[in-house]
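One structure is given below, encoded as structure tokens.
Read the figures in this text as sums done on the coordinates, not as results from a lab. In this text the structure is predicted, and so the values were computed from the model without any measurement. Every residue, glycine among them, receives a Cβ derived from its backbone with ideal geometry; neighbour counts consider all protein chains shown.
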Amino acid sequence: MLVLIILILATSFVLYTVLGGADFGAGIIETFAGKREERTISRAIAPVWEANHVWLILAVVILFTAFPLVYSSLSLVLHIPLMLVLIGIIFRGSAFTFRHYDIGHGRSHRYYSFLFKASSFITPMFLGITLGAMILGRVTFDQSVGFYNMFIAPWLNVFCFMMGVFSTCLFAYIAAVFLISEAVTKIERKMYVRLSIKSMAATMTTGIFVFLAAQWEGHNLMPEFFNSPLSIACMAIVAVSVPLILHFIHTRNDFFLRLSIAIQVTAILIGWFAIQYPVMIHVQNGQHLTFLNTQAPAATLKQLLIALIVGLILVIPAFVFLFRVFKVKE
Amino acid sequence: MDDLVAARLQMAMSLGFHIVFSCIGMTMPVLMAFSEWRWLRTGKQVYLDVTKAWSKGVAIFFAVGAVSGTVLSFELGLLWPEFMKHAGPIIGMPFSWEGTAFFVEAIALGIFLYGWNRLNKWVHWMSGVVVGISGVLSGIFVVAANSWMNSPTGFDWVNGKAENIDPVKAMFNDAWLSQSIHMVLAAFVATSFAVAGVHAYLLLKNRANTFHHEAVRTALIFGAVAAILQPFSGDFSAKDVAKRQPAKMAAMEALYKTSKPASLVIGGLPNDKEQRVDYAIHVPKLLSFLAHGDFNAEVTGLDQIPVDERPPVLIPHIAFQIMVACGTLLAMAGIMYLLFSWKWQHILFKKWWLTFIAFTTPLGFIAVEAGWTVTEVGRQPWIIYGVMRTKDAVSSMPGLQYSFFLITAVYVLLTFILVWLMRRQINTLPQFYETAKP
């Protein structure tokens, strides 16, 4: 039962990263694209971003129902970065919608665009920082260490910062690749291809920097990684999908292009889960919060699982239908 | 600012903000689906125009509702980690059902808003119906979670920990039904009258506009029925509260002393020091009847509640008066509307009637906010009634006021943009539909 719930939690997190990440990434890509691309981006994400966003809500609900201690500890210690994630979520969603529906095209339009783009950077950045803090293990629940050590030091460091930059690059990369098939003109398509390759390079580079930053902060991530066969396998998948993605860009095979980037991102996340599992939050004193020591009573897990299974039976066909209607070209 | 006060204000503001959008999200899909159905049946362009005009507004409100709801799902932990640590496994079930319902709602709304030219007409209409049903269901699930805080069941509280958790029992607690009915009806009253009010206001400028007439009519059908049913649901809720939460009842009625029979206090200013209500109208025996269905029943006053378990009186009492006043006025408007459209249709075009409906625009939402205040402030000092105090649930992070200031600034800004944007949307409407002749 617990394993199934963890699986659904991980799945919604992966789907949020791929789909929600692409929506945030679109705002980042827009910063580097022109005025004309703004329309393509608007059209591409308007019908789906709300549905994509719900994967995050689902993950949060699973977290506080099944692993209440993880949820409450996270929100206590990482209050500040999570608050900033939220600010990004609020402004991205509303500014995007305002821009999409406002009739005027004057100054207000520029303000919405600015808010939309700025918040598209903030959320991935602080989401990455939050995850970094969960990995690094500076989290403490000992109030006597003082405000800075309890509420700031766990996330304000080189490693977490690098995690933030990595997530931002990753989101931009997903978006750029997804946008290739949304392009209206040849020139536009070329631009997304260029941005895809650039952001792919940026993601890979910052990925290496994440490991270096971990080393810098005294957290030896490398051996953990090489001790897990699953992580190594995932890394291989990530590497193999690079030429595949380039190939599908070249042959204009939109479906397989999207599929291969989704697999690539999933592999990155599974590679991370594999070294982290079953720990959710690494704690300074070594008493890590894991799936096992924070799980809710069996009665709760059972009811949650029923709700999730019924929910997914309803949601998945609807979700597929949504994407068929809007993402398959006639 | 005290951290507890800051956290409570932030939560109150976030909920007060979100509740407006969730009411709209529950009601508008039903209104739009109804209007689209009439278009499908009659083929009259005006119904399609109404549906499409509404859908633009709904898209904007729904987006803000979705993000402000996300904020709440995080704030439960950011502000009340101690509460969520214990309550999460107990009320997680309604939240997970809510998640499902909201998911379906978001997907169906995407299809409804953007699928006009891509789908069969009836499939499109069905997507609207699905949005409506799942919207109402998600509202009910969230209220069920809240009602558990008022009527906590489905667990044993042993040494500061919840044991023997039964999530099903917790969800279907004693308060869930009365609270859910009251909230869903409130959403329909508030949204329908607000929509009707705006269109009535525009009709005052151009009274021959069929578009606005149809919009007012569609909205008021739902608004009137809900507004007439609401006092009955309110009575059901009040009797329930009197039984389960006598302290809340005493606070909202400003009943300082246990009385048999108890008179109903209308209006007035509760005076905690003197333990009486100044400037109020007292109706003998009525409270006994309203609370227990018997003119001579005893109603528990605050004197029966231990001093450290008493809720504040001033805020719940005044909020309750505001809610009842708005609700009563809207129920009367509802009766009048049904009466006029049955017998005296010409009145519906009269200036005074349209002015009156335009005046009712904010009343439903004022009632919603006031009612929410009654139930939340009236539960104090408890976060889980009788089990956990609000002050024991708050985050131990110092400086919560900065969180509060930040979120307040964001929501104030959003409110300004929204008002400005909606005004702009509405002002451009007549250009599109000017041609419509009655």
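Set the Förster distance to 25 Å, then compute FRET efficiency between B:Tyr279 and B:Ile366 from the Cβ-Cβ distance, nearest 0.05.
Calculated value: 0.70.
Starting from the amide H of B:Ala162, placed 1.01 Å from N in the peptide plane, find each other amide H under 5 Å away whose residue is 5 or more places distant or on another chain.
Placed amide hydrogens put nothing under 5 Å from B:Ala162.
Classify the stretch A:151-215 from the C-alpha gyration tensor, please: rounded if a/c falls under 1.5, else prolate or oblate depending on whether a/b exceeds b/c. Please report the intermediate quantities before stating the final value.
On the way: a/c = 5.18, a/b = 2.72, b/c = 1.90.
Note, shape of the stretch A:151-215 comes out prolate.
Sketch the reach of a paramagnetic label on B:Val307 as a point 7 Å from Cα along Cα-to-Cβ, and name the residues of the stretch B:381-405 whose backbone nitrogen lies under 17 Å away.
Zone members listed by number: B:381.
Would you give the gap between the C-alpha center of the stretch A:1-70 and the C-alpha center of the stretch B:291-316, rounded to a whole Å?
Taking the Cα centre of each part, the stretch A:1-70 and the stretch B:291-316 sit 47 Å apart.
Between the stretch A:262-330 and the stretch B:246-287, how many Å separate their Cα centres?
That distance is 52 Å.
Can you compute the charge dipole magnitude of chain B about its Cα centre, using +1 on each Lys and Arg Cβ and -1 on each Asp and Glu Cβ, nothing else charged? Give it in debye, rounded to the nearest 20.
Magnitude of the dipole: close to 1780 debye.
Working from the pairwise distances between different alpha carbons, so that the mean of 1/r is found and then inverted, what is the stretch A:2-327's Kirkwood radius in Å? Kindly include the intermediate steps, with their values, before the conclusion.
On the way: mean 1/r = 0.0486 Å⁻¹.
Radius from the Kirkwood sum: 20.6 Å.
Need one word for the stretch A:197-330: rounded, prolate or oblate. Basis is the Cα gyration tensor (sqrt eigenvalues a ≥ b ≥ c); a/c below 1.5 gives rounded, then a/b vs b/c decides.
Values: a/c = 2.86, a/b = 1.10, b/c = 2.60.
Oblate.
Hey, got a sec? Which chymotrypsin sites (Phe, Trp or Tyr not before Pro) in the stretch B:89-118 land in a DSSP loop and have at most 14 other Cβ atoms within 10 Å? Provide the component values of the computation, followed by the final result.
Working: sites: B:Phe95, B:Trp97, B:Phe102, B:Phe103, B:Phe112, B:Tyr114, B:Trp116; in loops: B:Trp116.
Loop-located and lightly packed - B:Trp116.
In degrees, nearest 10, range 0 to 90: what is the angle between the Cα axis of helix B:81-114 and the longest Cα principal axis of chain B?
0 degrees
Between A:Ile152 and B:Thr415, what's the calculated FRET efficiency when r is the beta-carbon distance and R0 is 35 Å? Round to 0.05.
Here the calculated transfer efficiency is 0.65.
Could you work out the relative contact order of the stretch A:2-327? I mean the mean sequence separation of Cα pairs under 8 Å and 6+ apart, divided by the number of residues, in percent.
23 percent
At a 10 Å Cβ-Cβ cut-off, how would you order A:His288, A:His247, fewest neighbours first? Walk me through the intermediate numbers first.
On the way: A:His288 18, A:His247 13.
Going from sparsest to densest Cβ surroundings: A:His247, A:His288.
Under a Cβ-Cβ cut-off of 12 Å, what is the net charge of the residues other than A:Gly27 that fall near it, where Lys and Arg count +1 and Asp and Glu count -1? Mind dumping the intermediate values first?
Numbers: positive: A:Arg92, A:Arg99, A:Lys117; negative: A:Asp23, A:Glu30, A:Glu37, A:Glu38.
The answer is -1.
As I understand it, the value is the acute angle between the Cα axis of helix B:121-150 and the longest principal axis of the Cα atoms of chain B; what does it come to in degrees, rounded to 10?
10 degrees
Quick one: order A:Ile281, A:Ile313, A:Ile263 by neighbouring beta-carbon count within 10 Å, fewest to most.
Numbers: A:Ile281 23, A:Ile313 10, A:Ile263 17.
Lowest count first: A:Ile313, A:Ile263, A:Ile281.
Return, ordered by residue number, the residues of the stretch A:234-267 whose backbone nitrogen is under 19 Å from a label point located 7 Å along Cα→Cβ of A:Arg194.
Zone members listed by number: A:246, A:249-250.
According to a simple spin-label model (label point 7 Å from Cα along Cα-to-Cβ), what is the distance in nm between B:Ala325 and A:Arg324?
Placing both labels 7 Å beyond Cα along the Cβ direction yields 5.5 nm.
Counting other beta carbons within 10 Å of each residue's own, what order do B:Glu274, B:Glu369 fall into, fewest first?
Working: B:Glu274 9, B:Glu369 22.
Going from sparsest to densest Cβ surroundings: B:Glu274, B:Glu369.
Taking trypsin sites (Lys or Arg not before Pro) that fall in a DSSP loop and have at most 13 other Cβ atoms within 10 Å as cut points, what is the longest piece of chain A between them? Before the final figure, lay out the partial values.
Values: sites that count: A:Arg252, A:Lys329.
The segment A:1-251 is the longest one with no such site.
B:Leu109: net charge of surrounding residues, Cβ under 15 Å, Lys/Arg +1, Asp/Glu -1, itself excluded?
With Lys, Arg at +1 and Asp, Glu at -1, the neighbours total 0.
For the stretch A:108-183 and the stretch B:77-124, what is the separation of their C-alpha centers, rounded to whole Å?
Centre-to-centre (Cα) distance: 25 Å.
Could you work out, residue by residue across B:392-401, how many beta carbons of other chains sit within 10 Å of that residue's beta carbon, and then give the average as an integer?
Values: counts 0, 0, 0, 5, 5, 9, 4, 4, 1, 0.
Mean partner-chain Cβ count within 10 Å for B:392-401: 3.
For the stretch B:1-116, what does the alpha-carbon gyration tensor say about shape, rounded, prolate or oblate, given a ≥ b ≥ c as the root eigenvalues, a/c under 1.5 as rounded, and a/b over b/c as prolate? The partial results should precede the final answer.
Details: a/c = 3.73, a/b = 2.30, b/c = 1.62.
Taking the square roots of the gyration eigenvalues as a ≥ b ≥ c, the stretch B:1-116 is prolate.
When Lys and Arg each count +1 and Asp and Glu each count -1, what net charge do the other residues less than 11 Å away from A:Ala46, Cβ to Cβ, add up to? Walk me through the numbers on the way to the answer.
On the way: positive: A:Arg39, A:Arg43, A:Arg99; negative: A:Asp23, A:Glu50.
Residues close to A:Ala46 contribute a combined charge of +1.
Enumerate the residues in the stretch A:166-190 having an amide nitrogen under 18 Å from the point lying 7 Å beyond the Cα of A:Phe211 toward its Cβ.
Hits in the stretch A:166-190 for A:Phe211 at 18 Å: A:166-167, A:170.
Taking chain A as the reference, fit the longest principal axis to its C-alpha atoms, fit the long axis of helix A:186-216 to the helix C-alpha atoms, and give the angle between the two in degrees, 0 to 90, nearest 10.
In chain A, helix A:186-216 runs at an angle near 20 degrees to the longest axis.
What is the calculated FRET efficiency for A:Val242 to A:Arg107, with r their C-beta to C-beta distance and R₀ = 45 Å, to the nearest 0.05? Let's see the in-between values first.
Working: r = 43 Å, r/R0 = 0.95.
The computed FRET efficiency comes out at 0.60.
Quickly work out the B:Thr258-to-A:Glu38 label distance, labels modelled 7 Å from Cα along the C-beta direction, and quote it in nm with one decimal.
Those two pseudo-labels are separated by 6.8 nm.
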